[in-house]
Protein chains: 4
Amino acid sequence: MSGNVFGKLFRVTTFGESHGVACGVVIDGCPAGLDVDVSDIQKELDRRKPGQSSITTARKEEDEAKILSGVFDGKTTGTPIAIVVYNEGHESKDYDKLKDVFRPGTADFSYFSKYGFRDYRGGGRASGRETLGRVAAGAVAKMILARKGVSVIAHTKEVYGIKADAFDEYEIEKNPVRCADAKAAVLMEKKIADVSKSGDSVGGVVEIIVRNPLSGLGEPVFDKLDADLAGGLMSIGAVKGVEVGDGFGVSALLGSFCNDEMYVGGGELRHRTNHAGGIIGGISNGEDIVLRIAVKPTPSISKEQCTLDVSLDEKKIKIEGRHDPCICPRIVPVAEAMVALVLVDQMLRGKVARVDEL
Amino acid sequence: MSGNVFGKLFRVTTFGESHGVACGVVIDGCPAGLDVDVSDIQKELDRRKPGQSSITTARKEEDEAKILSGVFDGKTTGTPIAIVVYNEGHESKDYDKLKDVFRPGTADFSYFSKYGFRDYRGGGRASGRETLGRVAAGAVAKMILARKGVSVIAHTKEVYGIKADAFDEYEIEKNPVRCADAKAAVLMEKKIADVSKSGDSVGGVVEIIVRNPLSGLGEPVFDKLDADLAGGLMSIGAVKGVEVGDGFGVSALLGSFCNDEMYVGGGELRHRTNHAGGIIGGISNGEDIVLRIAVKPTPSISKEQCTLDVSLDEKKIKIEGRHDPCICPRIVPVAEAMVALVLVDQMLRGKVARVDEL
Amino acid sequence: MSGNVFGKLFRVTTFGESHGVACGVVIDGCPAGLDVDVSDIQKELDRRKPGQSSITTARKEEDEAKILSGVFDGKTTGTPIAIVVYNEGHESKDYDKLKDVFRPGTADFSYFSKYGFRDYRGGGRASGRETLGRVAAGAVAKMILARKGVSVIAHTKEVYGIKADAFDEYEIEKNPVRCADAKAAVLMEKKIADVSKSGDSVGGVVEIIVRNPLSGLGEPVFDKLDADLAGGLMSIGAVKGVEVGDGFGVSALLGSFCNDEMYVGGGELRHRTNHAGGIIGGISNGEDIVLRIAVKPTPSISKEQCTLDVSLDEKKIKIEGRHDPCICPRIVPVAEAMVALVLVDQMLRGKVARVDEL
Amino acid sequence: MSGNVFGKLFRVTTFGESHGVACGVVIDGCPAGLDVDVSDIQKELDRRKPGQSSITTARKEEDEAKILSGVFDGKTTGTPIAIVVYNEGHESKDYDKLKDVFRPGTADFSYFSKYGFRDYRGGGRASGRETLGRVAAGAVAKMILARKGVSVIAHTKEVYGIKADAFDEYEIEKNPVRCADAKAAVLMEKKIADVSKSGDSVGGVVEIIVRNPLSGLGEPVFDKLDADLAGGLMSIGAVKGVEVGDGFGVSALLGSFCNDEMYVGGGELRHRTNHAGGIIGGISNGEDIVLRIAVKPTPSISKEQCTLDVSLDEKKIKIEGRHDPCICPRIVPVAEAMVALVLVDQMLRGKVARVDEL
């Protein structure tokens, strides 16, 4: 398997399986002189970790980050930053009975057929636990963005048909759904709890907003900012769709409506509307970047399902254990991380766009 | 600017501006021994070229492909394949009056602010003409896929709220909209013509289906098949959203519904449904791969719009000339090309997944 | 075949075979705003072209460069720069009798066994004609370096045991050997002519000096400046060795001698000696960068040699035609080009070393 | 800093500083199903570790490897393999007095000027301790090569003018110099001990031989096998030169002598001589691959030297502590590792050379 490296200049390599010794990440290409406090990384990992609330998995893992290299006297030295989180509570035995069975909707069969061999314990590398490394690296990327006043905020926009209408940024971390609309949050939470009780799971939509983004980010033709963002977000396990600005809504719109009119505001070129979601021609135009991702229902459910085993014999399966009935709240920090990684990578790449700035 | 290279093993570099000398592509990494006939490349370019029908731009360009290297005695030699299309009918003067004005909804301002300098003739590198190189390279990729029985078919699924219900593959190339539903095609064509008359443009949705895809394509974690496809498709100029399988529909679905049940069919593991769109855990599972892209209305419209010029003075603008009122029909071959490029790249990468196959 | 792309940010893709339609290069990542005059590219190509003197091959090719994209109004736009040189005088028939025979010391057998198929006309892609693309791209790289006052100068240091002692930069282009020592040049020229008459060829050493190099170029650990230079130079067909500074001489030296003592000169940190050849710890230290490459004798000789054909039958072979008895004079511009490409690539990469410069 | 990733398909990212928490490596792209025993990795690390003999540094470090991911039930799963070695005996205080002084011949000044900040403890990332990750990854690469019968053997060929004449492979690990000539080894050992006593250090030459190499490895044009090997070997800290086959010797040779004559041996195409060192046209031809590297004298010596500090004031410096008077014996396993990494990377890349093998 290759494919565990993300980014071109801010290059992130993640490693680790669900029930292996440790998960982690190495960041190659972080500029020197950045103040890094491990507690800022831990804060992001805590937003991702299991057992946060009644509607996330009940597994308890502390997920404590340790920095192994690349930081000296509290500052990055320009050398690779390795961050590791040791796995705990290896209850691998729980998985022995799933050893030969392909869980529906998961990567079990894909990995088995591709590699001829798989670490069947809790999904192995295909487990969502893999996102630990993304979140840790994303935390470092956010520190770089913060120096420029850029912030990345994600929130659960929709769960099983229940949509958030209001948007109060400060509400997001106050409810277990990470919804920016307090009223919708209550409905969403109840829906998730109900579905969970019935042994099932639900999908949703998460929106990511970049405030005060730098303009000029993005490299045409193939490495457009939105192309990199789409690739990065779609690489998150449960994501089945990505859209920017008006997204799929554009199919029913006219050009005269979609074109964001320019005007001068505060001495700068601004746009009266933001149908484009802050990206035109693959390059950020300075307006908020607005993205949404479609999140599928967690495939691991306790309802009985039909499936096959490695001998292609039919099996009935009930996936016991502690799984998230809706992964949206925990995908929020992962989506933020991926967006931050893309932004920083493009920011670095953009430093060499003009010969008179070399 | 970097960003003009796509793929890791089947690596494609495109070049060329709308009104420059030529557009083209170099393919590095095409295996040796492939039969290549330039007419097969030309056939794909002809599907992309302007002036095909009453609802595409009336510009007439022959877009004749020439192979400069990499093919000897009708076969690829394993060396880089350079394909070039000379530009003709440079009516650059048409663009002189747009020299200092930022056309709304286009990359004009983005490029100007990023590079401090831009080729203003017809969008320069940001013009859709850039996709010539993609389509030429995609034609070669399709030849490799064809050897394995894999085909990539795109069609216009939706235009301004009009949806195709039926799907008749043989209908697609028969109508100017490239819609697989003959009845919907008539409605779409009329709508596009009407909108065009009013000086406006419309968006739509294009669907891409991969028939008989190889299973096992895709490299976890970041280079998942769907991640690469999303990145590749979103890199096409007008695309604002990408989804796989049920896509954004998953937000209102239950896990028990979304999980595609496995069974044994024809001696092989198959799935009774295809909510996943043929990709699970980032790896193709052998079922049809189903993707959809949201295509925004062409920004170049003849209706009067307000905008700014390089001095940030307000201007009124009417974009004369011959522009596509709906780009969906011409995006169809481009989307197929991008999907073919990703599939071949992943196919090559997948050859080294197991040590016992080395 | 992959492997036709060089560089990470200033990324160069070359294409073309000896007797194909054209040779060329696409540069992705050239910053915008650089003044480019095609005659500056032509000047470098002219230094590389055959038929320059009595001791280079007598083939006559004009090798005229055409820029297809990326330059507008005399300046780079930041988009890919494609440069093409059409091949002329395809005397492919000359090669028909070599079709099935492996010429000793050439890539004939290597290519045949690797790709199962080869363009046998004049070496195809393995021909030195491939370096056209390198030299054209190197010419652009030199323009970027010139803005910073950096120059790259190569010269023939040794031919068949005859060593240049004196170094007069202005002498180099005055003699056909491109030797900086006028007296040694005469001896070298005579030796080459003699060897040529006897149907044989000779090797030599070419030295490359970078004057006024920027300090701080090079990315530890694997992309050290000297590592990139060694890889780039060794990728030139005839090169069998690369050394920096004292090079292989270090094996007989003491640490106390090799360590270049630092002092303050002109307010800057300088070194009293330059045993390191301007690179320490993989990073340029501001002193002249000094490199040498070992150039093997051209394998194509008219003396009779024993060899095999594709059926593994023994053959006698005399390689007729016009070949360079000593390739050093024509490698000089190629070596300069490769060094310039590496320097510019590292210069771009180095722009993001510190967070406070972002 | 970027530059800590090596390889294209067998992609290795190393991390760690001399006196940080840990050093290590992540291998992305190792095929699934390879038997991996941590003791085989440890065996290679033990050949690299300090304190092995009287002529290596007296520092004692156990350098115990731990596998954190990518191996399950003794086999690689195809997921990234993370290997970590915790640092011990951090005697950082020893380095406090060197904090502001640039040690001659080291990367101290280069890093300081490039990053504006450096981890001064024992060289930080520029320390030879960085090679731990290379050797661990190389051990895994060697396991893949061993399956194909390929072996990589390095030995000290020359120390301060004393050359090994005999070559007895089994002698290498028997003497502390790792010389394949028992008699020369005695002389070399004595020379190193003498020089060490005088507070100085010496350079040498290490030769690397690949036995039974696969033919067809190497990707023209820029990623030739010898180009990749030269880049990889030159990236090792103390290396100032790399040569293949006759290397710099070719400068005094004739083409008729250098061209290795082909014949049929054992039913296969073979070569009567090996002036090319097993690589022609950048592709391995099946003969032994023969490389040599020039190794400079360790810059850290206890003799008094003049230098500057960060304020550019002159200082006298004696580097106390335990340093290798000749690094050749410890470079031997590092050079083998780099060669193994290149061979495996090229072996994987070569699997997609022909379309009929896909």
With +1 at each Lys and Arg Cβ and -1 at each Asp and Glu Cβ, the charge dipole magnitude of the protein assembly as shown around its Cα centre, to the nearest 20 debye, comes out at 0
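Quick one: buried accessible area between D and C, total over both chains, 1.4 angstrom probe, nearest 100 Å²? Don't jump to the answer; show the numbers that get you there.
Details: alone 17590 and 17590 Å², together 27350 Å².
Result for this pair: about 7800 Å² buried.
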Of every hundred units of 1.4 Å-probe accessible area on region A:5-357, the number belonging to carbon and sulfur atoms, as a percent, is 48
Expected max-MSF residue from B:A252, B:A137, B:A276 in the GNM of chain B (alpha carbon, under 10 Å) is B:A252
GNM of chain B, Cα pairs under 10 angstrom: of B:G70, B:G24, B:G266, the biggest fluctuation goes to B:G266
Mean separation of Cα contacts under 8 Å (at least 6 apart) over the residue count of chain C, i.e. the relative contact order in percent, is 21
Rounded to two decimals, the Rg over Rh value of the protein assembly as shown from Cα coordinates and the Kirkwood Rh reads 0.96
Most fluctuating of A:C326, A:C258, A:C30 in the GNM of chain A (C-alpha, under 10 Å) is A:C258
Quick calc, region C:5-357, dipole around Cα centre from Cβ unit charges on Lys, Arg (+) and Asp, Glu (-), nearest 20 debye, gives 540
By the C-alpha gyration tensor axes a ≥ b ≥ c (rounded if a/c is under 1.5, else prolate when a/b exceeds b/c, else oblate), the shape of region A:209-358 is prolate
Which of B:K49/C:K75; C:K8/C:K66; C:K142/C:K351; A:K163/B:K296 exceed 20 Å between C-alpha atoms? The answer is B:K49/C:K75; C:K8/C:K66; A:K163/B:K296
The chain B residue whose Cβ lies closest to the rotation axis carrying chain B onto chain A, with that distance rounded to whole Å, is B:G231, 1
In debye to the nearest 20, the charge dipole size for region D:184-337, taken about the Cα centre with +1 at each Lys and Arg Cβ and -1 at each Asp and Glu Cβ, equals 540
So, with points 7 Å from each Cα along the Cβ direction, the C:K315-D:K60 label distance in nm works out to 6.6
Sorted by chain and number, the residues with a modelled amide H under 5 Å from that of B:K157, at a separation of 5 or more or across chains, are B:V205, B:V206, B:E207
In region C:43-136, the trypsin sites (Lys or Arg not before Pro) that sit in a DSSP loop and have at most 16 other Cβ atoms within 10 Å of their own Cβ are C:R59, C:K60, C:K99
With -39,500 (n - 2.57) per DSSP H segment of 4 or more residues and division by the full residue count of chain D, the 222 nm estimate, nearest 500 deg cm²/dmol, is -7500 deg cm²/dmol
Note on chain A: helices (DSSP H) long enough, at least 30 Å by alpha carbon along their axis, and hydrophobic enough, mean Kyte-Doolittle at least 1.6, are none
Here the longest stretch of chain C that holds no GluC sites (Glu not before Pro) in a DSSP loop having at most 12 other beta carbon atoms within 10 Å is C:92-303
For region C:305-358 the trypsin sites (Lys or Arg not before Pro) that pass both the DSSP coil test and the at-most-11 other-Cβ-within-10 Å test are C:K318
Quick shape check on region A:8-129: root eigenvalues a ≥ b ≥ c of the Cα gyration tensor, a/c under 1.5 is rounded, otherwise prolate if a/b tops b/c, else oblate, and it reads prolate
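Report, to one decimal in Å, the Kirkwood hydrodynamic radius for region D:5-357 based on all distinct Cα pairs.
21.4
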With the label set 7 Å along Cα→Cβ, B:D356 is separated from its counterparts in the other copies, in nm and shortest first, by 2.7, 5.8, 6.3
Ranking C:P325, C:A353, C:G149 by how far each Cα lies towards the positive end of the charge dipole of region C:5-357 (+1 on Lys and Arg Cβ, -1 on Asp and Glu Cβ), the top one is C:P325
Taking a ≥ b ≥ c as the square roots of the eigenvalues of the Cα gyration tensor, with a/c under 1.5 meaning rounded and otherwise prolate when a/b exceeds b/c and oblate if not, region A:75-201 is oblate
Accessible-area loss of at least 50 Å² (1.4 Å probe, chain alone to full protein assembly) applies in region D:105-119 to D:F109, D:S110, D:K114, D:Y115, D:F117
For region D:186-282, listing trypsin sites (Lys or Arg not before Pro) in a DSSP loop whose Cβ sees at most 16 other Cβ atoms within 10 Å gives D:R272
Distance in nm between A:R322 and D:K43 label points, each 7 Å along Cα→Cβ, equals 4.3
Total charge of the residues flanking A:K163 in space, meaning their Cβ is under 13 Å from its Cβ, with Lys and Arg +1 and Asp and Glu -1, is 0
Inter-copy distances for C:F167, nm, shortest first, label points 7 Å along Cα→Cβ, are 3.4, 6.3, 7.0
Copies of D:K315 compared via label points 7 Å along Cα→Cβ give distances in nm, shortest first, of 6.0, 6.5, 6.6
Sorting A:N259, A:S110, A:P176 by the position of each Cα along the dipole of chain A (Lys, Arg +1; Asp, Glu -1; all at Cβ), the one nearest the positive end of that ordering is A:S110
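The values are calculated or read from the model by the stated rules, or taken from the named source; none is laboratory data. Quick caveat: nothing in here was measured; it's all calculated off a predicted structure. Neighbour counts are summed over all protein chains in view; Cβ atoms, including those assigned to glycine, are modelled from backbone coordinates with ideal geometry. Calculation scope for accessible area: heavy atoms of the full protein, side chains included, ligands and nucleic acids excluded. Shrake-Rupley method; radii C 1.70, N 1.55, O 1.52, S 1.80 Å.
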